[in-house]
Protein chains: 2
Amino acid sequence: MSSNPSIGHYLLTRLYESGVHHIFGVPGDYILRFYQQLSESPVQHIGTTREDTAAFATDAYARCRGLGAMAVTYGVGALNVVNAVAGAHAESSPIVVISGAPGIKERREHPLLHHRFGPFRLQREIFERITCAVAVLDDPYTAFRQIDRVLAAAREHCKPVYIELPRDRVDTEGYPIPSESLPAPASDAASLNEAVEEALQLLDEAASPVLVAGVELHRRGLQDQLLSLVDKTHLPVAATLTGKSVLGERHPCYLGIYEGAMGSPLARDRVEQADFLLMLGVTLNDVDLGIFTARLDANRIIRASQDEVIIHHHRYPQVLLRDFVSMLNERMTPRPQTGPAVAAKPAAFDFPVKGQPMKIIRLIARLNRFLTPDMVVVSDVGDCLFSAIDLRVHENSEFLASAYYTSMGFAVPAALGAQIARPTRRTLVLVGDGAFQMTGTELSTIAHLGLNPIVIVFNNKGYSTERYILDGPFNDIPAWQFERLGELFGPLTGYAASTEDEFEDCLNQALAQRSSPSLINVHLSPDDPSAAMRGLAEHLGKRV
Amino acid sequence: MSSNPSIGHYLLTRLYESGVHHIFGVPGDYILRFYQQLSESPVQHIGTTREDTAAFATDAYARCRGLGAMAVTYGVGALNVVNAVAGAHAESSPIVVISGAPGIKERREHPLLHHRFGPFRLQREIFERITCAVAVLDDPYTAFRQIDRVLAAAREHCKPVYIELPRDRVDTEGYPIPSESLPAPASDAASLNEAVEEALQLLDEAASPVLVAGVELHRRGLQDQLLSLVDKTHLPVAATLTGKSVLGERHPCYLGIYEGAMGSPLARDRVEQADFLLMLGVTLNDVDLGIFTARLDANRIIRASQDEVIIHHHRYPQVLLRDFVSMLNERMTPRPQTGPAVAAKPAAFDFPVKGQPMKIIRLIARLNRFLTPDMVVVSDVGDCLFSAIDLRVHENSEFLASAYYTSMGFAVPAALGAQIARPTRRTLVLVGDGAFQMTGTELSTIAHLGLNPIVIVFNNKGYSTERYILDGPFNDIPAWQFERLGELFGPLTGYAASTEDEFEDCLNQALAQRSSPSLINVHLSPDDPSAAMRGLAEHLGKRV
């Protein structure tokens, strides 16, 4: 009887079995006991400088591995991750937030314990609003089942979950549960069949159909299914921005990012002129619709979301994306190959032009040639994200961003998560100066662990996306000599570049430095927008 | 009719009239229109690198000025301040959180707008749990009254409030309201009178009464009332840690900080041996009770909290602290003067001893002599806070900390808020290495504005308070050369000190540098606890 595992041990075991081999976070007294268990388990702790950066790292880890976890203390720790967890919810990333809490025994007389901000239930109530499942592990008789339930929910919904672990329950023996597993979600067979039949017929009749691939394919791990479908049918494919890299972007059928007036002109022409669109895993948010500059006609769309297929104006509920894609894959017949969607690479590329000031479009063009199949691009938000629309990563799932929730400060900590999750890949980080000032010092952890991302700071002296919306002195920020960050901690090699030849030189040196991070502070003009921002401005007929 | 102010303008005007002459925050598209109004108003915008640091700065500003305000964008901005606002709630600091939001018109079809993480109501529901009043200014006919209501609530309860301002309502003309003001809270006259009578009689009969002054006196602005009461009655006074500096700490009646085994030995002896305690504005939280090492007997206590007086085991509800203190002040008679409570300063102080490694107790002793009446001390949490128990600030309200909620990273941004609120004072910041890694780069804003705090980094190589609770590799953090932060941005002069003579030299140079911030990285041994930590360990008879 005394051989049952403790609640903390069970949680660690179930996480490890689910592929979570690292837990991010900052310790604090209400979670210390769990940290001790963690340090004795096969799961490795990755300490960060702050809790919110731990959450961004966990988010990226979850996107790469299917599940991620973090552990923080009560109040001051957990409440510091509310934004990042809400972002994971908005972006459909399954992270497990483990928060310590005052012990059940020490709560009895409702004492004013430090880190408390009101009734003990409030923290759970806050997390109920940004996660898909919560569990407070106060009862050893239900704790194991609760753990199983929330982990299953994270996987099923691809959303964050919250586990609150009172500190006097960590070492408490749990109660073994029957091994009967929780029911898995499934499609309704008749709906699925009818939806596929109708889709096949419409696509068969279409003269110029285009496939638009979205973020849910990423989140449900359907990249290979998509590739197989594309290779078999030769359908031209555009991706949404949040779906970017769901297909390797150098695939011959790939058109680029469709994002209304902000995306690739080729993708826009083909998508908006197609007589039928097959939209798989696409979410119709304002970013992917190019701030509503997209011109899409519901009468010529089949759209499969996570659990529903919509054709024209009718809906097939309870049809799972994975089943729909899988059945399409089985039953779609090849279409005639229409030739490569991507224009042949321009033969000549005259980079660098000595002494020429760096421009954002040339920067991206250079990085496009720099990318190799072992690189993962992590982008922050703002104009570095918009300019990254034109980057073409080699393999699928090599682009990570908070592209819909658009939380500044995502990229540097996400690079930490990505490199821990995929140790054979190298990360290229794109980040603006404003976003870097928010979380860039998380490079400390990256340097400490000997990871080797290359960080490109798009230094355009302020909040430049906002300048295009409404400018004022509030968009100015103090200048940092980002390239000197290595003076504060290291090993970290910093560079600054104002001209193309300087940048070329820095980039090559950074590439050669394989045992520690590099940072290149690229000086850009505040009035040098990305192609996407220019496109949006032209479309709206005014300064955006 | 068209001469009514807009909702945004009315909000700015009411804030300005309430003494809020600065608004902290980071702009974003849903709040940009309000920022434009702000830039055209007499209220000054103070931009920070992150939103949570803006909130800490606002918290400190509110403690100094009675009210503070910040403005952030929806989702990514507002959710980034949840921890700091919960801290302001726990610490009773009246801050106004203004969050932009998607416009009412653009919400109609429930579009997936960026920064959205669920139904639009969720952000309000989260803030309802960490504030005392919320208002969503979606209706121009009620907006002005709503603004008045929440600002009154912030002042009445000394707690944060939340105002959500949809971006298409900023410029909307509001509807003028009757000037009838909201009812102000008041004491029940009979209860007040009876409570004061009973208190006076008990105190009159007491042989060795002691006054314990707490945080609520700070928050209600009753420092002068307290001073007058002490000067009149000669009662010896101890302060709680959260109440620290409610009385200038060099007052002859001042005993020091009472915090059970963790506070001043003199205060502990006098408080625990007193035959009666008059506790004014004291909150019985675990920090102020020295992690429950305090020995207090309800049978010999009169305790006045914000709206209730408790004597022995009976309660007088609806007695406001300010009325109780004021009536005591009127009616208490002088007691015989018992001589100065504070021991005479030791005549000799042999600091610095050349080559002697810095110790935390000697560091505090040196700072005690360094303090001048124009200095405000802002302390972060951890052992720098515990060691600051022994600091004696000159004037009242010259010590700020997150002493109960104990959120790491408070001090540097709070120093920004304090110096903006009280421009004639200079701030001495005490901060640990772990906390500095969380928010220390906010010195960028401080340097940019030409403020001149002196930052002392208590660098004991990790989370040292936690080491005393439960040690493990998770308490280690990467080393930073804090003194070289000025390489990244400036003007900022950095120093490092390992020995007393080095520290002496740095301190004098920092004092002389009056136009920009200074930082001294003080190398301390990880096993060199504050007197408070030693006291706690001795009391608990084990390593704490």
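The values are calculated or read from the model by the stated rules, or taken from the named source; none is laboratory data. Note that the structure is a prediction, hence the values are computed from the model and not measured. Glycine gets a Cβ as well: all are built from the backbone with ideal geometry, and neighbour counts include every protein chain shown. The protein model used for the area step is the full one, side chains on, heavy atoms only, and it has no ligands, DNA or RNA in it. Shrake-Rupley method; radii C 1.70, N 1.55, O 1.52, S 1.80 Å.
Would you give the gap between the C-alpha center of the stretch B:258-317 and the C-alpha center of the stretch B:473-502, rounded to a whole Å?
So the separation of the two Cα centres works out to 40 Å.
Looking at chain A, identify the longest residue range that excludes and avoids all chymotrypsin sites (Phe, Trp or Tyr not before Pro) in DSSP loops having at most 16 other Cβ atoms within 10 Å.
Answer from the scan: A:350-544.
Accessible area drop of at least 40 Å² (1.4 Å probe, protein heavy atoms): which residues of the stretch A:255-291 qualify, relative to the chain alone?
Checking the loss per residue gives A:Asp286.
Between the label point of B:Thr499 and that of the same position in each other copy, find the distances and list them shortest first in nm, with every label point placed 7 Å from Cα along the Cα-to-C-beta direction.
Taking the point 7 Å beyond Cα along Cα→Cβ, the inter-copy spacings are 4.9 nm.
How big is the gap, in Å, between the Cα center of the stretch B:422-446 and the Cα center of the stretch A:119-148?
The stretch B:422-446 and the stretch A:119-148 have Cα centres spaced 36 Å from each other.
Once the mean 1/r over all distinct Cα pairs of the stretch B:119-203 is inverted, what Kirkwood radius in angstroms do you read off?
15.6 Å
Could you work out how far apart the two model spin labels at A:Ala190 and B:Tyr141 are, taking each label as a point 7 Å from the Cα in the direction of the beta carbon, and quote it in nm?
5.0 nm
If you put +1 on each Lys and Arg Cβ and -1 on each Asp and Glu Cβ, how big is the dipole of the protein assembly as shown around its Cα centre, in Debye rounded to 20?
I would put it at about 520 debye.
Out of A:Val230, B:Val230, A:Val522, whose Cα points farthest toward the positive end of the dipole of the protein assembly as shown (charges: +1 Lys, Arg; -1 Asp, Glu; placed on Cβ)?
Positive-most Cα among the choices belongs to A:Val522.
Given the options A:Ala189, A:Met358, A:Ala537, identify the residue whose Cα lies farthest towards the positive end of the charge dipole of the protein assembly as shown (+1 on Cβ of Lys, Arg; -1 on Cβ of Asp, Glu).
A:Met358
Could you work out the Kirkwood radius for the stretch B:1-100, taking every pair of different alpha carbons, averaging 1/r and inverting it, reported in Å?
Evaluated over the stretch B:1-100, this radius sits at 13.4 Å.
Pairs A:Lys159/A:Lys244; B:Lys159/B:Lys244; A:Lys105/A:Lys159; B:Lys354/B:Lys461; A:Lys354/A:Lys461: which exceed 28 Å Cα-Cα?
A:Lys105/A:Lys159
What's the extension gain from A:Asn299 to A:Ser208 if we count 0.36 nm per residue and subtract their Cα-Cα distance?
31.3 nm
Can you check what the net charge comes to around A:Ala184, using other residues whose Cβ is under 15 Å from the Cβ of A:Ala184 (Lys, Arg +1; Asp, Glu -1)?
-2
Which value, in nm² and rounded to one decimal, describes the direction-averaged projected area of the C-alpha convex hull of the stretch A:254-402?
Across all orientations, the stretch A:254-402 yields a mean hull projection of 11.2 nm².
Based on the Cα coordinates of the stretch A:60-191, what is the per residue volume of their convex hull in Å³?
Output value, Cα hull per residue: 131 Å³.
From the label point of A:Glu272, set 7 Å from Cα along Cα→Cβ, how far away are the matching label points in the other copies, in nm, ordered shortest to longest?
Spacings between copies for this position, smallest first, are 7.8 nm.
Run the accessible area of the stretch A:122-219 with a 1.4 Å probe and give the carbon-and-sulfur part as a rounded percent.
Roughly 49 percent of what the probe reaches on the stretch A:122-219 is carbon or sulfur.
Write out the GluC sites (Glu not before Pro) in the stretch B:21-93 meeting two conditions: DSSP loop, and at most 13 other Cβ atoms within 10 Å of their Cβ.
Passing both the DSSP loop test and the Cβ count: B:Glu40.
Kirkwood hydrodynamic radius for the protein assembly as shown: how many Å is it when counted over pairs of different Cα atoms?
Result for the protein assembly as shown, one decimal place: 30.7 Å.
Where does the charge balance sit around A:Gly256 when Lys and Arg score +1, Asp and Glu -1, over other residues with C-beta under 10 Å from its C-beta?
+1
With labels modelled as points extended 7 Å from the Cα through the Cβ direction, what inter-label distance (nm, one decimal) is found for A:Ser3 paired with B:Arg121?
5.2 nm
Would you tally the net charge around B:Val81, using a Cβ to Cβ cut-off of less than 15 Å, leaving B:Val81 out, and scoring K and R as +1, D and E as -1?
With Lys, Arg at +1 and Asp, Glu at -1, the net is -4.
If you restrict to DSSP beta bridges whose two residues both lie in the protein assembly as shown, what percentage is antiparallel, to the nearest 5?
So the antiparallel bridges amount to about 15 percent of the total.
Using every pair of alpha-carbon atoms in chain B, split the distances into 10 Å bins beginning at 0 and state the percent of pairs per bin, rounded to integers.
For chain B, the binned pair fractions read 4, 18, 26, 25, 18, 8, 1, 0 percent.
Counting only other chains, what is the mean number of Cβ atoms within 10 angstrom of the Cβ of each residue in peptide A:484-493?
Average neighbour count from other chains, rounded to a whole number: 5.
Out of all DSSP beta bridges with both ends in the stretch A:243-355, state the antiparallel percent to the nearest 5.
Given both bridge residues lie in the stretch A:243-355, the antiparallel proportion sits at roughly 60 percent.
Quick check for me: using +1 on Lys/Arg Cβ and -1 on Asp/Glu Cβ, what's the dipole size of chain A about its Cα centre, in debye to the nearest 20?
Its charge dipole is roughly 360 debye.
Taking the Kirkwood radius as the inverse of the mean 1/r across Cα pairs, report the Rg/Rh of the stretch A:320-470.
Taking Rh as the inverse mean 1/r over Cα pairs, Rg/Rh reads 1.04.
Taking the alpha-carbon centroid of each part, what is the distance from the stretch A:21-73 to the stretch B:511-530 in angstrom?
Cα centroid of the stretch A:21-73 versus Cα centroid of the stretch B:511-530: 31 Å apart.
How far is A:Gln201 from the same spot in each other copy, in nm, shortest first, if each label point sits 7 Å from Cα toward Cβ?
9.4
Set the Förster distance to 41 Å, then compute FRET efficiency between A:Lys354 and A:Glu272 from the Cβ-Cβ distance, nearest 0.05.
Using R0 = 41 Å, I get an efficiency of 0.50.
Within 10 Å of each Cβ in peptide B:51-60, how many partner chain Cβ atoms are there on average? Round it to a whole number, please.
Rounded to a whole number, the mean comes out at 1.
Rounded to the nearest 5, what % of the DSSP beta bridges within chain A are antiparallel ones?
Approximately 15 percent, going by the DSSP bridge assignments.
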